[in-house]
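Asker: My structure is below; once you've seen it, I'll send some questions.
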Amino acid sequence: MFIKLVMLVAFFAVMVGIGFYCRRHATDVSGFVLGGRSVGPWLTAFAYGTSYFSAVVFVGYAGQFGWKYGIAATWAGLGNAFLGSLLAWAVLGRRTRVMTQHLDSATMPEFFGKRFDSRALKLAASVVTFVFLIPYTASLYNGLSRLFGMAFSIDYSVCVIVMAVLTGVYVIAGGYMATAINDFIQGIIMLFGICAVIAAVLNSQGGFMAALDGLAQVTDETVTTTPGVFASFFGPDPLNLLGVVLLTSLGTWGLPQMVQKFYAIKSEKSINTGMVVSTAFAVIVSGGCYFLGGFGRLFSDRVDVAAQGYDAIIPAMLSGLPAILIAVVVILVLSASMSTLSSLVLASSSTLTLDFLKETFLPDMDDKQKLRWMRGLVVVFIAISVVLAIVQYKSNLTFIAQLMGVSWGALAGSFLAPFLYGLYWKKVTKAACAVCFLFSSAVMLANVFVGSAFPAILQSPINCGAFCMLAGLVLVPVVSLFTRAPAKKRVEEIFSCYEQTITVTVKDSIGRPAPAKKSTKKR
């Protein structure tokens, strides 16, 4: 217990210390929200990865989908790496950085407002962000309850409050730069932690081959009668597994707290380096989490899924580990949760301040007032998320848990298509964006309240969210073709940022060398 407490205190002390160290970077809005658009490739890549993967993935998704799909759940982790990280950086990274700087936008709603010359779109996007980020923020705490119950004799409410307060302190003090540096440290912990945990869990089952052989012998007639299916390449239910891969991978393309990482990139080189680093990080962390969860059924003697739920699977797998490894797991999950929490509250507070309050109630806010409001709202968002998490834990309200599940689907379904097309296509219309916002938000809310009325495949919030994202990719171009085109002059001015000529050295860009000048000297 002493070792665990020392590690926890040291971890929290470093996080808070970095927050106060970074105060000089958070003296204006650009510094607080974007780190002055000068964040290097490694910090940006780790900020992206640690914001992506939280306790929801490690405890909730890894346990649930590992149990349902066996070792094939690893596909979700690989999808996160190559679709959610590699392809996202390649497709969105550079264009997002260039256009958002040209439009001088610091948030995703602000981007929509300036890209489409629409105050209404800006306000709508800020409302969607506010409504659906709060329950997602509350869900971060869920994975901690069982782990802390296993490792410490500390009440869950105390754990949640301490974690939230300390996260709030370093975000309020140092803004985005403090978050990015802490994300880097937390990411290192996650990398080494997940590798150590996988090795220990597999070793407890006799090694990888023995564990895989044991998994091949598991049968569950309520799922399938096919022998060895939980150790197979695609698992027992490839179609629903595809829905998981799509939502958890493509979903990041439309999440405000993820896309805003691209706003802060320092240089062209940072994009290329960040793309490689974030992909490698996702392969190890996300791939490792789902791979670990795939062996959950080997521990069915330690957990009653029907009574305890899927969140009990990963803690049951870890319960037999040495004390020092359990301490590492606790720090790992804290790192994952705090990094995502800091990203979410920063995105929420900046969006509500810059895109809603300034637009509607406080149009004359100066820079200092904006900073005060954003810091105040960080406290408000954290407080609301803590209350929701504790209420859900104490009373087991399924409504809150459901709403958490649809957050990703509503946010990604609303924003992915308008943002992606807005970066690449000049003919996207305001009406198309509005239709996409309304469609995805309405469908995901309907899934919460009347989900049983949906077709069987769409009753799952995971599949419903994936459907909304794919539907948006069709809705936006179709509606754009039948609605009033944007003003050509304004659109050309916006896209002119991609046509600017910048002189670079050959080491930065390979091009055709200029012809040598002919000598005019007479012989």
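The values are calculated or read from the model by the stated rules, or taken from the named source; none is laboratory data. What you see is a predicted model; the values in this text were computed from it and never measured. Cβ sites come from the backbone with ideal geometry, for glycine too, and all protein chains shown count toward neighbours.
Asker: What number goes with the only condition from (1) of a type in the set (Gly, Ala, Ser); (2) touching a helix residue (DSSP H, G or I) at 6+ places or on another chain (Cβ under 8 Å); (3) assigned to a helix (DSSP H, G or I); (4) at pLDDT 85 or above that residue 199 does not pass?
Answerer: Result: residue 199 passes all but (2).
Asker: Residue check, residue 223 against (1) under 30 Å from residue 407 (Cβ atoms); (2) crowded, with 19+ Cβ neighbours inside 10 Å, all met but one. Which one?
Answerer: It fails just one condition, (2).
Asker: Another one. For residue 267, all conditions in the list (1) modelled with pLDDT of 85 or more; (2) under 25 Å from the mean Cα position of the chain (by Cα); (3) not hydrophobic (A, V, I, L, M, F, W, C) hold save one; what is the number of the exception?
Answerer: (1)
Asker: Name the single residue that is nearest to the chain's Cα centre (by Cα) among those in the stretch 360-372 being within 22 Å of residue 120 (Cα to Cα) and buried (at least 17 other Cβ atoms within 10 Å of the Cβ).
Answerer: Only one residue tops the list, namely 370.
Asker: Separate question: Show me the helices (runs of 4 or more DSSP H) entirely contained within the stretch 297-355 in which 2 or more residues are surrounded by 24 or more Cβ atoms within 10 Å (Cβ to Cβ).
Answerer: In the stretch 297-355, 313-318, 323-351 are the helices (runs of 4 or more DSSP H) which contain 2 or more residues that are surrounded by 24 or more Cβ atoms within 10 Å (Cβ to Cβ).
Asker: Scan the stretch 30-40 residue by residue and report those that are under 13 Å from residue 260 (Cβ atoms) and part of a helix (DSSP H, G or I).
Answerer: If the condition is that a residue be under 13 Å from residue 260 (Cβ atoms) and part of a helix (DSSP H, G or I), then 30, 32, 33, 34, 35, 37 are the ones that fit.
Asker: List every residue pair whose Cβ atoms lie under 7 Å apart, where the two residues are 6 or more positions apart in sequence or sit on different chains, the first residue falls within the stretch 18-41 and is surrounded by 15 or more Cβ atoms within 10 Å (Cβ to Cβ), and the second residue, located anywhere, is among the polar types (S, T, N, Q).
Answerer: The qualifying pairs are 18/182; 33/350; 36/30; 37/30; 37/101; 40/270; 41/270; 41/273.
Asker: Among the residues of the stretch 84-119, which ones are touching a Pro at 6+ places or on another chain (Cβ under 8 Å) and under 24 Å from residue 269 (Cα atoms)?
Answerer: Residues satisfying the conditions are 107, 108.
Asker: Determine if the stretch 215-228 includes at least one residue that is touching a residue at least 60 places away in the same chain (Cβ under 8 Å), assigned to a helix (DSSP H, G or I) and farther than 23 Å from residue 381 by Cβ.
Answerer: Residues of the stretch 215-228 touching a residue at least 60 places away in the same chain (Cβ under 8 Å): 215, 218, 220, 223.
After this cut, where a residue has to be assigned to a helix (DSSP H, G or I) as well, the list is 215.
After this cut, where a residue has to be farther than 23 Å from residue 381 by Cβ as well, the list is 215.
Yes, there is a match, as at least one residue in the stretch 215-228 is touching a residue at least 60 places away in the same chain (Cβ under 8 Å), assigned to a helix (DSSP H, G or I) and farther than 23 Å from residue 381 by Cβ.
Asker: Is it the case that residue 206 is of a type outside the set (Phe, Trp, Tyr), touching a Gly at 6+ places or on another chain (Cβ under 7 Å) and part of a loop (DSSP other than H, G, I, E, B)?
Answerer: Criteria not met by residue 206.
Asker: So, one more: Mind checking which residues of the stretch 220-245 are over 14 Å from residue 67 (Cβ atoms) and not hydrophobic (A, V, I, L, M, F, W, C)?
Answerer: Of all residues in the stretch 220-245, those over 14 Å from residue 67 (Cβ atoms) come to 221, 225-228, 232-234, 238-239, 242-243, 245.
221, 225, 226, 227, 228, 232, 238, 243, listed by residue number.
Asker: Being over 30 Å from residue 321 (Cβ atoms), touching a helix residue (DSSP H, G or I) at 6+ places or on another chain (Cβ under 9 Å), outside any loop (DSSP other than H, G, I, E, B) and modelled with pLDDT of 90 or more is true for just one of 171, 245. Which residue is that?
Answerer: Exactly one residue qualifies, and that residue is 171.
Asker: I'd like to check something: does the stretch 254-262 contain any residue that is under 20 Å from the mean Cα position of the chain (by Cα), under 25 Å from residue 88 (Cβ atoms) and not in a helix (DSSP H, G or I)?
Answerer: Yes, some residue in the stretch 254-262 is under 20 Å from the mean Cα position of the chain (by Cα), under 25 Å from residue 88 (Cβ atoms) and not in a helix (DSSP H, G or I).
Asker: Same structure, new question: If I filter the stretch 174-187 for residues that are over 20 Å from the mean Cα position of the chain (by Cα) and either among the aliphatic types (A, V, I, L, M) or modelled with pLDDT under 90 (or both), do I get at least one hit?
Answerer: Among the residues of the stretch 174-187, at least one is over 20 Å from the mean Cα position of the chain (by Cα) and either among the aliphatic types (A, V, I, L, M) or modelled with pLDDT under 90 (or both), which makes the answer yes.
Asker: Only one of these conditions is not met by residue 13: (1) in a helix (DSSP H, G or I); (2) more than 22 Å from the chain's Cα centre (by Cα); (3) modelled with pLDDT under 85. Which number is it?
Answerer: All conditions are met except number (3).
Asker: While we're here: Residues 292, 241, 246: which one is over 24 Å from residue 87 (Cβ atoms), in contact (Cβ under 8 Å) with a residue 60 or more places away in the chain and not polar (S, T, N, Q)? Spell out the reasoning first.
Answerer: On the way: 241 fails: over 24 Å from residue 87 (Cβ atoms); 246 fails: over 24 Å from residue 87 (Cβ atoms).
On inspection, the qualifying residue turns out to be 292.
Asker: Still on this structure: Mind listing whichever residues of the stretch 42-83 are among the aromatic types (Phe, Trp, Tyr) and either free of Cβ contacts under 8 Å to residues at least 24 places away in the same chain or closer than 30 Å to residue 270 by Cα (or both)? Steps first, answer last, please.
Answerer: Residues of the stretch 42-83 that are among the aromatic types (Phe, Trp, Tyr), as a first pass: 42, 46, 48, 52-53, 58, 61, 65, 67, 69, 75, 82.
Once the filter is applied, which keeps residues that are among the aromatic types (Phe, Trp, Tyr) and either free of Cβ contacts under 8 Å to residues at least 24 places away in the same chain or closer than 30 Å to residue 270 by Cα (or both), the stretch 42-83 yields 42, 46, 48, 52, 53, 58, 75, 82.
Asker: Something else about it: Considering only helices (runs of 4 or more DSSP H) fully contained in the stretch 103-157, which possess at least 2 residues that are at pLDDT 90 or above, more than 19 Å from the chain's Cα centre (by Cα) and among the basic types (Lys, Arg)?
Answerer: Where helices (runs of 4 or more DSSP H) fall fully within the stretch 103-157 and carry at least 2 residues being at pLDDT 90 or above, more than 19 Å from the chain's Cα centre (by Cα) and among the basic types (Lys, Arg), they are 108-115, 119-139.
Asker: Give the stretch 114-129 a look and list any residue that's under 30 Å from residue 387 (Cβ atoms) and either of a type in the set (Lys, Arg) or surrounded by fewer than 19 Cβ atoms within 10 Å (Cβ to Cβ) (or both), or say none.
Answerer: Residues satisfying the conditions are 122, 123, 127.
Yes or no, residue by residue, for (1) crowded, with 17+ Cβ neighbours inside 10 Å; (2) without any contact (Cβ under 8 Å) to a residue 40 or more places away in the chain:
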site	(1), (2)
439	yes, yes
442	no, yes
446	no, yes
449	no, yes
455	no, yes
486	yes, no
494	yes, no
